[in-house]
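The values are calculated or read from the model by the stated rules, or taken from the named source; none is laboratory data. Here the structure is a predicted model, which means the values were calculated and not measured. For neighbour counting, all protein chains shown are included, and Cβ atoms are generated from backbone atoms with ideal geometry for every residue, glycine included. Remember, those area values only see protein heavy atoms, side chains included, never the ligands or the DNA or RNA. Shrake-Rupley method; radii C 1.70, N 1.55, O 1.52, S 1.80 Å.
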Amino acid sequence: MPVEPLLAKAPPEPVELGAYLAGLLLEDGYAFEPDLGDYADLLDDRGARTVRKHIRAAYAENQEDGRARKLMESVAKAEGDVDTLIAIIAADLDDRGLNHLRIARELDEAGRSDEALGWAGRGLREATNPDEQLVEYLADRYVVAGRTDDVLSLRRARFEAERTLTSYQALRRAAEDFGTWATERGQALALLREDARHQRARVPWAWSGPVLVDALLDDGDLDAAWAAAKYAATEDQWLRLADASAATCPADALGLYLRAVGSLKKETGDPVYRRIASLLLSIRACHQALNSTDQFKRYVAALRADQKRKRNLIKILDENGL
């Protein structure tokens, strides 16, 4: 039943209107939810109290009802009842700590910063897979408070729990600020080397490559990255290593680019052809650095002859001056 027929009565009784609107809000079957702000003048205080009464009753009857819980949160927030709002959110904590974070932010808004920090810390301890937003919230709070040692401890713990390039980068930033990156880096790389050994022994190519290679590349430690890649690296990692090394070690980079083109020659499709053209441009740059451009010209001529039936490839090579 739409709202308009009820409003055709002049004027609607506030309590009756409040009960009617509460029903619309609580009933899952309705496709739209009325905005109570549109009816503020008609509801007055009595109607608004009626709406809240019905929502409270529905929530008390079934706190697992997501719709009633959401509305009850709105009621608590509208009334400025932070403790009730926290209790509602706390009854539905998730394994990523996002509701812990919601609570922390609500407490921040209420000026209860110490409690906010406590809830965020609790979220990090209790969540089985803490969301990055929660980690960043805690790190930001520690920075504002000048608690550099806590930032470093947080970043170290997150790296040990989840050894990704992102967590490695965050640890590096914190340790550099604290002046202890040399020590932290050695410990972090030792863990990544151990991971790489286990990954190779378990499933060599069913993963995106050892974080060790990416971390060393991100550090700009190319010699160590080359050494690590020899034991295990994906094709993408090898190409990133080639890109990073092309200016200083063009001969090494050239070999990787040639290998990549060779693996693509049997494939078809414009994305593949554009990738081949991009690799050829890198190959040309290496030959230029090595003063062997005649060799590059022969290579491209042979490639074009071998791939001449792929008209789109030849077109893309022409567009790139190849």
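Checking the a/c ratio against 1.5 first, then a/b against b/c, what shape does the Cα gyration tensor give for the range 81-224? Verdict is oblate for the range 81-224.
D by Stokes-Einstein for the chain, Kirkwood Rh over Cα pairs, 4 °C, 1.567 mPa s: 51 µm²/s.
Relative to the longest principal Cα axis of the chain, at what angle does helix 98-109 sit, 0 to 90 degrees, rounded to 10? It works out to around 60 degrees. Along the range 249-258 the Karplus relation, 6.51 cos²θ - 1.76 cosθ + 1.60 evaluated at θ = phi - 60°, assigns HN-Hα couplings of 10, x, 5, 5, 5, 4, x, 5, 5, 4 Hz to successive residues, with x for each Gly and Pro.
Sequence-ordered 3J(HN,Hα) estimates for the range 271-285 from the Karplus curve with 6.51, -1.76 and 1.60 and θ = phi - 60° stand at x, 5, 5, 5, 5, 4, 4, 4, 5, 5, 5, 5, 4, 4, 4 Hz, glycine and proline given as x. The charge dipole of the range 167-281, taken about its Cα centre with unit charges on the Cβ of Lys, Arg, Asp and Glu (plus for the first two, minus for the last two), comes to roughly 480 debye.
Relative to the longest principal axis of the Cα atoms of the chain, the long axis of helix 14-26 makes an angle of roughly 30 degrees.
Dipole orientation for the chain: of the candidates Ile89, Cys249, Ala110, Cys249 has the Cα lying most toward the positive pole (charges on Cβ; Lys, Arg +1; Asp, Glu -1). The helix-based estimate of mean residue ellipticity at 222 nm for the chain, built from -39,500 (n - 2.57) per DSSP H run of four or more residues and divided by its residue count, is -23500 deg cm²/dmol to the nearest 500.
For the range 225-247 and the range 126-159, write down the distance between their C-alpha centroids in whole Å. One Cα centre to the other: 31 Å. At q = 0.13, 0.16, 0.22, 0.23 Å⁻¹ the log10 of I(q)/I(0) for the range 131-194 amounts to -0.31, -0.46, -0.85, -0.92, computed by Debye summation with a single uniform scatterer per C-alpha, solvent ignored.
Computed from the alpha carbon positions, the gyration tensor of the range 36-157 leads to an equivalent ellipsoid with semi-axes of 35, 16, 10 Å, biggest first.
Can you find, among Leu317, Phe159, Gln187, the residue farthest towards the positive end of the dipole of the chain? Put +1 on the C-beta of Lys and Arg, -1 on that of Asp and Glu. Looking along the dipole axis, the top candidate is Leu317. Taking a sphere under 15 Å around the Cβ of Glu267 and counting the other residues whose Cβ falls inside, with K and R at +1 and D and E at -1, yields a net charge of +4. Scattering from the range 228-321 was approximated by placing one identical point on each alpha carbon and applying the Debye formula without solvent; log10 I(q)/I(0) at 0.15 1/Å stands at -0.58. Heavy-atom accessible surface of the range 203-312, averaged per residue, reaches 55 Å², computed with a 1.4 Å probe.
Inverting the pair-averaged 1/r between distinct Cα atoms of the range 208-273 gives 12.4 Å as its Kirkwood hydrodynamic radius.
Given +1 at the Cβ of Lys and Arg, -1 at the Cβ of Asp and Glu and no other charges, the dipole of the range 100-163 around its Cα centre is 180 debye to the nearest 20.
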